[in-house]
1. I'd like to know if the range 219-234 contains one or more residues that are over 26 Å from F148 (Cβ atoms) and of a type in the set (S, T, N, Q).
2. If D230 passes every condition in (1) modelled with pLDDT under 95; (2) over 17 Å from F281 (Cα atoms); (3) out of contact with any Lys or Arg (no Cβ under 8 Å at 6 or more places or on another chain) but one, which one does it miss?
3. What's the number of the condition K330 fails, among (1) open to solvent by less than 20 Å² (accessible area, probe 1.4 Å); (2) under 21 Å from I369 (Cα atoms); (3) not in a strand (DSSP E or B)?
4. Look at G470 and say whether it is under 23 Å from V109 (Cα atoms), surrounded by 22 or more Cβ atoms within 10 Å (Cβ to Cβ) and not acidic (D, E).
5. Among (1) under 27 Å from Y308 (Cα atoms); (2) not in a loop (DSSP other than H, G, I, E, B), there is one condition K419 misses while meeting the rest; what is its number?
6. Can you name the number of the only condition in (1) at pLDDT 85 or above; (2) assigned to a strand (DSSP E or B); (3) not basic (K, R) that V136 fails?
7. Please go through the range 383-403 and pick out each residue that is of a type in the set (S, T, Y) and open to solvent by 50 Å² or more (accessible area, probe 1.4 Å).
8. Looking only at the range 313-327, count how many residues are open to solvent by less than 40 Å² (accessible area, probe 1.4 Å) and part of a loop (DSSP other than H, G, I, E, B).
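The values are calculated or read from the model by the stated rules, or taken from the named source; none is laboratory data. Note that this is a predicted model, so its numbers are computed, not measured. A quick note on method: Cβ atoms are made from the backbone with ideal geometry, for glycine too, and the neighbour counts reach across all protein chains shown. Surface areas here come from the heavy atoms of the whole protein model, side chains and all, with no ligands, DNA or RNA. Shrake-Rupley method; radii C 1.70, N 1.55, O 1.52, S 1.80 Å.
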Amino acid sequence: MEGKARNAPALLFFSFTCVFLSLSTTTLSTSPQFQTLTVNPLPNKPTLSWADTGPESEPETQTLTDSTSTEASTTTSLSVQLHHLDALSSDETPQDLFNSRLARDASRVKSLTSLAAAVGSTNRTRARGPGFSSSVTSGLAQGSGEYFTRLGVGTPARYVFMVLDTGSDVVWIQCAPCKKCYSQTDPVFNPTKSRSFANIPCGSPLCRRLDSPGCSTKKQICLYQVSYGDGSFTYGEFSTETLTFRGTRVGRVALGCGHDNEGLFIGAAGLLGLGRGRLSFPSQIGRRFSRKFSYCLVDRSASSKPSYMVFGDSAISRTARFTPLVSNPKLDTFYYVELLGVSVGGTRVPGITASLFKLDSTGNGGVIIDSGTSVTRLTRPAYVALRDAFRVGASNLKRAPEFSLFDTCFDLSGKTEVKVPTVVLHFRGADVSLPASNYLIPVDNSGSFCFAFAGTMSGLSIVGNIQQQGFRVVYDLAASRVGFAPRGCA
């Protein structure tokens with residue numbers, strides 16, 4: 001997500017949290033009242049492996065020389081693996097991993113809501129085709145992302161971990177020499193050792209795409225700064241460079257080469273912004289990948305398979321149900337959708353109406369789909385109505401004490417499965433029926449499970465990645481729509 005701070009041209013965050021939403025698109029008339037929840041413990045720390053990325057000497061299968069080209073060309077498809085940030089975390093126990101995830105989530109939501117709340121400010125920094133696929137790994141930095149992928153930067157390609165974030169636009173990477181760099185897993189990228197690295201002149205159109213571009217008067221090169229709501233930031237030269245995805249090279253990607261980077265970006269070398277703004281990676285690659293991408297976040301408690309992301313026409317799923325994207329003229333980074341209501345146990349919750357989620361003319365309110373937020377946040381009146389309806393439907397389950405941000409928890413110790421009321425999100429044109437594991441989740445290893453929604457006093461509601469797990473979430477920017485395909489991770 002693009003944020004602001006001193007002259008910040010854009011605010012970047014990437015968070016693909018490790019929870020995936022198993023959405024099934026059904027009509028209310030066919031939605032059952034109850035479904036079965038398999039009682040699984042908190043997942044262990046995942047093992048990091050990269051079956052889809054080769055060494056720096058891997059053969060190049062295709063070269064796309066200019067990511068900014070607008071001329072028609074044969075579109076391609078790219079695929080990458082995604083891994084949750086837990087794989088890089090210093091935490092070892094399932095409980096510590098879960099607690100850290102909730103702490104990051106709180107920071108992420110604070111950053112997103114702060115940015116949305118500032119849309120009316122004149123000092124606000126605006127957040128700015130067909131495909132490829134890659135595995136995603138969760139990010140470690142608070143507020144900056146939950147999933148990582150591994151890709152090559154420069155020529156020859158140097159492989160690094162990059163956070164992926166649908167709530168951010170600007171692509172950036174730590175660069176040597178460092179005025180100040182945080183600790184990362186791989187060596188810091190040295191642009192002087194890349195044949196394809198190029199600075200962007202101050203007056204160029206690419207530089208002017210930044211909301212608040214800077215200029216080095218000595219070198220006459222464009223400067224960028226991205227600031228995050230948690231106080232983290234990155235600052236340096238705005239440049240172009242080649243990125244390599246499983247042998248496919250994408251040339252002249254505009255990115256920040258950060259020499260002063262501070263914050264909690266532990267592990268990853270930088271961030272790949274996937275927002276709707278003009279400087280995001282999907283916007284830059286444009287027609288070459290048909291302005292389409294999708295990801296599927298695997299439920300780690302039920303599968304050891306990696307998550308993945310696909311760019312290009314192959315990102316579209318035939319089983320997806322689509323809802324139109326809504327534009328916020330005050331903030332172009334986020335993916336806004338219309339949420340019309342929610343059903344629990346086959347019955348529409350009376351207290352939840354579309355008016356609670358309305359995006360007004362000043363840019364406040366609305367609902368966004370975000371890969372970096374874990375727990376879905378709803379405006380407080382909507383959440384209270386949903387929570388109360390779920391409590392009534394789950395009255396047969398033994399209650400447990402509140403846990404962290406969760407105020408509706410149950411003691412399922414000694415059980416292997418239970419019946420729980422169904423939950424369906426009603427978007428315009430798409431009813432998304434959530435798997436039970438997408439809204440009743442383990443919070444400890446003692447059998448405590450909590451209802452994985454929360455209220456917010458902010459006007460902005462956020463559909464998080466726990467609710468998205470198991471679905472292939474399709475971003476079809478060419479048609480201005482977002483789709484959900486149930487059981488899309490197979």
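1. Within the range 219-234 (the criterion being over 26 Å from F148 (Cβ atoms) and of a type in the set (S, T, N, Q)), the answer is yes, since at least one residue qualifies.
2. All conditions pass for D230, except number (3).
3. Condition (1) is where K330 drops out.
4. Answer is yes for this residue.
5. Against the list (1) under 27 Å from Y308 (Cα atoms); (2) not in a loop (DSSP other than H, G, I, E, B), K419 comes up short only on (1).
6. (1)
7. Across the range 383-403, the qualifying residue is only S395.
8. Residues flagged as open to solvent by less than 40 Å² (accessible area, probe 1.4 Å) and part of a loop (DSSP other than H, G, I, E, B) within the range 313-327 amount to 3.
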